[in-house]
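Heads up, the thing below is written out as structure tokens.
The values are calculated or read from the model by the stated rules, or taken from the named source; none is laboratory data. Computed from a prediction, not measured in an experiment: that's the story for all the values here. Please note: Cβ atoms are built from the backbone with ideal geometry, for glycine as well, and neighbour counts cover all protein chains shown.
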Amino acid sequence: MNPPSLLRLCGTAALLCVPLIAQTNDRKTLPTERKQFSSERVYHLASKSIVVVNAMNTSTKDSKLGTGVVIKKNVIVSNKHIIENCDLIWISVGNKQWNIDINDILIDPERDLALLTVEDLDLPSIKLNQDLPVIGQKIYAIGNPKGLETTISDGIVSGLRGGKNKDLIQITSPISPGSSGGGLFDEQARLIGITTFYLQEGQNLNFSLPTKWVKDIDKRAIKFEPNIKIVVNKIQPATEKDTPAKIEKTNRFVEYSNNLLRVGNYAELVKLTDEWIKFDSKNSIAHQRAGQARYFLKQLHIALEELNIARKLDPKNAEIVGQCGIIYDELGDSESAMDAFKDALALDRTSSIGKSGLAGIYIRKGIKEFSMGNSVTALEYYQNALRISENEPNAWFQIGFINFNLRKFDVALSAYENCVRLQPKNIDAIFNIGLIHCNLKNQEKAWKSYQELSELDKANADKLFAIYQNVQWPK
């Protein structure tokens, strides 16, 4: 047996990755015909799984209300933006309340989803339908608009939006503040989406995130950090020259652009920012949103130009500086990227963009050095990444890999455990932890790794079990 050859690699370098067996659901057929329930029946079945999500920033005393849906025992899905920048979170139904440990919250920032774990939650979970609905299909939305618990509204699917996959569900059913994170249900009371926002300037222009994204959270999730800065919905301070009419129009531009950014309608966002910049060429947010739109459309040079204009207009904005760094990095200018990320951290030492960007560069440099046989230099880069941000699972993983090859099993084990702490569903890290315990003849712990892996990926669990069977365990 040659354990090092079986060690799994993950991280940012494709050349060093061992591909995992992906579980996909590529069904494109229309949903099978089923009995259609009345609206009363849908409400009776689905409303029992709807909760109010309460969030508060204890420093500023700002509070927010939203909705959540129980999708399995003790687990609720909601929108990330409801809990963003809050450090006290709880759920309620009527007079009952359940506290939530923020350390147990997982989020998918790009898709605006959050998984909340609640102990001893005595509420039923809802059935999920992962097939995308069809345009014209009848739907029901249940949420807590403005704190009014379990309010139901009906409508139809009016479109499927959001890039090439057309995953975002556009609906006619109204979504109001407080309904974000609520459930979108089909006529069999199955969850087909999570309602997330509405575009105020468009009548009945409401959206829902697809249920199949909910299933993907485990693969994409990161741990929630309550002090993450809110990056949308910020209003540029008014100056003495700004008239009330200008302020009002600017605020509408900000809100509308935020919503277009969330829905992923980048072509429309380009048109909006062109109009916005004509209206006010000195508005940094207008140029920032223009840069973001061009970035997602892969027009990197134009995006960088817009963001650099925004940076000149608002030189102390760490977020804009960090976004410049992201584009420099994607253009292959790692030195300019590093400078930008360092500048972002100099402006705001908590900048998540600055931390993750600079740490990411160090990790890639480490992977490159390791591929050339320079393990010591690679370790130094990984350790630099962790000095910038200790919550970088890829850095911990790579440290574990190198130390395993150096047969420093205790160091490797600690690194992998840190990786799993940050990514509880990291199949490769769990596999490698089991492999280390096999090498160290820790039978009970090796078996525990096998059991954890069995719940996530049967094929890889079977491979670990085969290794486990060949170990001569101490009697």
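Quick one: is Asp314 over 25 Å from the mean Cα position of the chain (by Cα) and surrounded by fewer than 22 Cβ atoms within 10 Å (Cβ to Cβ)?
It is true that Asp314 is over 25 Å from the mean Cα position of the chain (by Cα) and surrounded by fewer than 22 Cβ atoms within 10 Å (Cβ to Cβ).
Among the residues of the stretch 376-404, which ones are at pLDDT 90 or above and either surrounded by fewer than 18 Cβ atoms within 10 Å (Cβ to Cβ) or of a type in the set (Gly, Ala, Ser) (or both)?
Within the stretch 376-404, Val376, Thr377, Ala378, Glu380, Gln383, Asn384, Ala385, Arg387, Ala395, Gly400 qualify.
Regarding Gln97, is this residue surrounded by fewer than 19 Cβ atoms within 10 Å (Cβ to Cβ) and under 17 Å from Ile50 (Cβ atoms)? Spell out how you get there, then give the answer.
On the way: surrounded by fewer than 19 Cβ atoms within 10 Å (Cβ to Cβ): yes; under 17 Å from Ile50 (Cβ atoms): yes.
Taking the combined requirement at face value, the residue satisfies it.
In this structure, is Ala141 in contact with a Lys or Arg (Cβ under 7 Å, 6 or more places away or on another chain), of a type in the set (Gly, Ala, Ser) and either closer than 24 Å to Phe207 by Cβ or in a helix (DSSP H, G or I) (or both)? If you could, list the steps in order and put the result at the bottom.
On the way: in contact with a Lys or Arg (Cβ under 7 Å, 6 or more places away or on another chain): no; of a type in the set (Gly, Ala, Ser): yes; either closer than 24 Å to Phe207 by Cβ or in a helix (DSSP H, G or I) (or both): yes.
No: the conditions fail for Ala141.
Filter the stretch 29-77 for residues that are among the polar types (S, T, N, Q) and in contact with a Pro (Cβ under 9 Å, 6 or more places away or on another chain); which is modelled with the lowest pLDDT?
Step one: list which residues in the stretch 29-77 are among the polar types (S, T, N, Q), which gives 29, 32, 36, 38-39, 47, 49, 54, 57-60, 63, 67, 74.
Remaining after also requiring in contact with a Pro (Cβ under 9 Å, 6 or more places away or on another chain): 49, 57, 67.
Working: Ser49: 94, Asn57: 77, Thr67: 93.
The residue in question is Asn57.
Just to be sure, is Gln292 touching a residue at least 12 places away in the same chain (Cβ under 8 Å), more than 20 Å from the chain's Cα centre (by Cα), outside the structural domain of Glu110 (by TED's automatic domain parsing) and within 20 Å of Ser351 (Cβ to Cβ)?
Working: touching a residue at least 12 places away in the same chain (Cβ under 8 Å): yes; more than 20 Å from the chain's Cα centre (by Cα): no; outside the structural domain of Glu110 (by TED's automatic domain parsing): yes; within 20 Å of Ser351 (Cβ to Cβ): yes.
No, not satisfied.
In the stretch 447-466, which residue that is surrounded by fewer than 19 Cβ atoms within 10 Å (Cβ to Cβ) and of a type in the set (A, V, I, L, M, F, W, C) is nearest to Arg220 (Cα to Cα)?
Within the stretch 447-466, the match that is nearest to Arg220 (Cα to Cα) is Leu456.
Going through Ile327, Ile309 one at a time, which residue ends up being under 21 Å from the mean Cα position of the chain (by Cα) and among the β-branched types (Val, Ile, Thr)? Can you show your working first?
Details: Ile309 fails: under 21 Å from the mean Cα position of the chain (by Cα).
Of the residues listed, the single one that is under 21 Å from the mean Cα position of the chain (by Cα) and among the β-branched types (Val, Ile, Thr) is Ile327.
Quick check on my filter: what residues within the stretch 71-120 are without any contact (Cβ under 8 Å) to a residue 60 or more places away in the chain, assigned to a strand (DSSP E or B) and among the hydrophobic types (A, V, I, L, M, F, W, C)?
Val75, Ile76, Leu88, Ile89, Trp90, Ile91, Val93, Trp98
Does Ile402 qualify as being outside the structural domain of Phe341 (by TED's automatic domain parsing), under 30 Å from Phe341 (Cα atoms) and not small (Gly, Ala, Ser)?
yes
Output the residue which, of all residues in the stretch 405-442 that are among the polar types (S, T, N, Q) and farther than 18 Å from Asn460 by Cα, is surrounded by the fewest Cβ atoms within 10 Å (Cβ to Cβ).
From the stretch 405-442, those among the polar types (S, T, N, Q) are 405, 414, 418, 423, 426, 432, 439, 442; that's our starting set.
Then keep just the ones that are farther than 18 Å from Asn460 by Cα; that gives 405, 414, 418, 442.
Values: Asn405: 13, Ser414: 15, Asn418: 21, Asn442: 18.
Going through the qualifying residues, I end up with Asn405.
Assess whether Leu304 counts as being assigned to a helix (DSSP H, G or I), touching a Cys at 6+ places or on another chain (Cβ under 7 Å) and crowded, with 20+ Cβ neighbours inside 10 Å.
Details: assigned to a helix (DSSP H, G or I): yes; touching a Cys at 6+ places or on another chain (Cβ under 7 Å): yes; crowded, with 20+ Cβ neighbours inside 10 Å: yes.
Criteria met by Leu304.
Could you list, in sequence order, the residues of the stretch 438-475 that are outside any loop (DSSP other than H, G, I, E, B) and either in contact (Cβ under 8 Å) with a residue 24 or more places away in the chain or not assigned by TED's automatic domain parsing to the domain that holds Phe404 (or both)? Break it down into steps so the answer makes sense when it comes.
We begin by selecting, within the stretch 438-475, every residue outside any loop (DSSP other than H, G, I, E, B); these are 438-439, 443-454, 458-470.
Correct list: Cys438, Asn439, Gln443, Ala446, Leu453, Ala459, Asn460, Lys463, Leu464, Ile467, Tyr468, Asn470.
Okay, residues lined up against (1) touching a helix residue (DSSP H, G or I) at 6+ places or on another chain (Cβ under 8 Å); (2) basic (Lys, Arg):
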| site | (1), (2) |
| --- | --- |
| Thr350 | no, no |
| Ile361 | yes, no |
| Ile388 | yes, no |
| Ile399 | yes, no |
| Phe404 | yes, no |
| Val420 | yes, no |
| Lys425 | yes, yes |
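Tell me which residues, restricted to the stretch 55-70, are more than 19 Å from Lys223 (Cα to Cα) and part of a strand (DSSP E or B).
Going through the stretch 55-70, the residues more than 19 Å from Lys223 (Cα to Cα) turn out to be 58-67, 69-70.
Once the filter is applied, which keeps residues that are more than 19 Å from Lys223 (Cα to Cα) and part of a strand (DSSP E or B), the stretch 55-70 yields Ser63, Lys64, Leu65, Gly66, Thr67, Val69, Val70.
When you check Lys278 against the structure, is it at pLDDT 95 or above, more than 30 Å from Leu160 (Cα to Cα) and part of a helix (DSSP H, G or I), yes or no? Lay out the reasoning, then the answer.
Values: at pLDDT 95 or above: no; more than 30 Å from Leu160 (Cα to Cα): yes; part of a helix (DSSP H, G or I): yes.
No.
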